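> Here's a structure for you.
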Amino acid sequence: MANELIDLLVQSAGTWLFEGHRSGLTDREWMALRFLARANRFSKTPSALATYLGTTRTSASQIATVLTEKGLLTRKPSAEDKRSIALCVTPEGTKFLDRDPISALRDQVVTLELADRTRLRDALRRALVGLDMAVRPHHTDVCSECMFLAERSKQKSSYFECRLFRKELAFKETELLCTHFERRS
Ligand code: SF4
């Protein structure tokens, strides 16, 4: 059963891991564009991109340059750290994501029952947590599972705060990807 599952995962990877170009970009370039479209404001830097791609900062910057030259990304001064830049997906980049080769797999996942999708998501997350402990220091994830997320209240209304960056987070931001994520123990 475990081998069968792994084989299915390997076969599904064919939609996002491939040789050459699909719809105009390499698999790494698609991965970078997809990530930056879902990254929170602390994770749009070249070093966060390098962390997500599991590559060097130089390689991540080269990928960002290709995407910038195609008009899919733009570099802006970071609002969080004046010494850093933020890699922001342009409106053209957002539209270009409609051509993402991984959409074929996403369309199939969407047809699953909600309960099946939830079980699949939770099972994959548990497997990744196990991998984190075994071979990887951490992975990128959303705030809801992070030890730094705190719920606060002010004038009878509640809000979220990131205790790592000491910044208030809008609810929508808690659903974005963060490379500074640390799992609750
Ligand atoms: S709470 Fe965790 S995942 Fe969310 S912004 Fe802070 S460090 Fe990142």
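The values are calculated or read from the model by the stated rules, or taken from the named source; none is laboratory data. Quantities reported herein were computed from a predicted structural model and do not represent experimental measurements. When we count neighbours, we look across all protein chains shown, and the Cβ atoms used for this are built from the backbone with ideal geometry, even at glycine. Each accessible area value is taken on the protein alone, full model and side chains, heavy atoms only, with ligands, DNA and RNA left out. Shrake-Rupley method; radii C 1.70, N 1.55, O 1.52, S 1.80 Å.
> Under a 10 Å cutoff between Cα atoms, tell me which one of Pro91, Pro46, Pro101 has the largest fluctuation in the Gaussian network model of the chain.
Highest fluctuation of the listed residues: Pro91.
> Which loop-located trypsin sites (Lys or Arg not before Pro) does region 109-185 contain, where loop means any DSSP state but H, G, I, E or B and the Cβ has at most 12 other Cβ atoms within 10 Å? Intermediate results must be reported in sequence, preceding the final value.
Details: sites: Arg117, Arg119, Arg121, Arg125, Arg126, Arg152, Lys154, Lys156, Arg163, Arg166, Lys167, Lys172, Arg183, Arg184; in loops: Lys156, Arg163, Arg166, Arg184.
Within region 109-185, the qualifying trypsin sites (Lys or Arg not before Pro) (loop, at most 12 other Cβ atoms within 10 Å) are Lys156, Arg163, Arg166, Arg184.
> List nothing, just return the count: lysine pairs in the chain, 8 or more apart or interchain, with Cα separation under 25 Å.
17
> Taking region 12-47, which trypsin sites (Lys or Arg not before Pro) meet the DSSP loop condition and have no more than 13 other C-beta atoms within 10 Å? Walk me through the numbers on the way to the answer.
Numbers: sites: Arg22, Arg28, Arg34, Arg38, Arg41, Lys44; in loops: Arg41, Lys44.
Filter output for region 12-47: empty list.
> R0 = 30 Å: FRET efficiency of Leu8 with Lys76, Cβ-based, nearest 0.05? Let's see the in-between values first.
Details: r = 40 Å, r/R0 = 1.34.
So the FRET efficiency works out to roughly 0.15.
> Taking region 50-116, which trypsin sites (Lys or Arg not before Pro) meet the DSSP loop condition and have no more than 13 other C-beta atoms within 10 Å?
Values: sites: Arg57, Lys70, Arg75, Lys82, Arg83, Lys95, Arg99, Arg106; in loops: Lys70, Lys82, Arg83.
Hits after loop and neighbour filter: Lys82, Arg83.
> Work out, step by step, the length gained on full extension between Ile85 and His180: first 0.36 nm times the residue separation, then minus their alpha carbon distance; give nm to one decimal. Write out the running numbers ahead of the final one.
Details: separation 95, 0.36 × 95 = 34.20 nm, distance 1.67 nm.
Contour length minus the Cα-Cα distance gives 32.5 nm.
> At 27 Å minimum axial length over the Cα atoms and a Kyte-Doolittle cut of -1.0, report the qualifying DSSP H helices in the chain, or say none.
Details: long enough: 114-134 (30 Å, -0.09).
Those that clear 27 Å and a mean of -1.0 are 114-134.
> Another question about this same structure. Using Cα pairs under 8 angstrom and six or more residues apart, how large is the relative contact order of region 15-103, in percent?
Values: 114 pairs, mean separation 26.8, N = 89.
Relative contact order here is 30 percent.
> Can you give me the distance in nm between label points at Ala123 and Thr55, each placed 7 Å from the Cα along the Cα-to-Cβ direction?
About 3.2 nm separates the two model spin labels.
> Follow-up. Kirkwood Rh and Cα-based Rg: tell me the resulting Rg over Rh for the chain, rounded to two decimals. Can you show the working numbers first?
Values: Rg = 17.7 Å, Rh = 18.1 Å.
Result: Rg/Rh = 0.97.
> With every protein chain left in place, what is the accessible area per residue of the chain in square angstrom, probe 1.4 Å? Show your work: numbers first, answer last.
Working: 11970 Å² over 185 residues.
Result: 65 Å² per residue.
> Would you kindly state how much longer the chain becomes between Ala170 and Leu112 on full extension, computed as 0.36 nm times their sequence separation minus their alpha carbon distance, in nm to one decimal?
Working: separation 58, 0.36 × 58 = 20.88 nm, distance 2.94 nm.
Result for the pair: 17.9 nm of gain on full extension.
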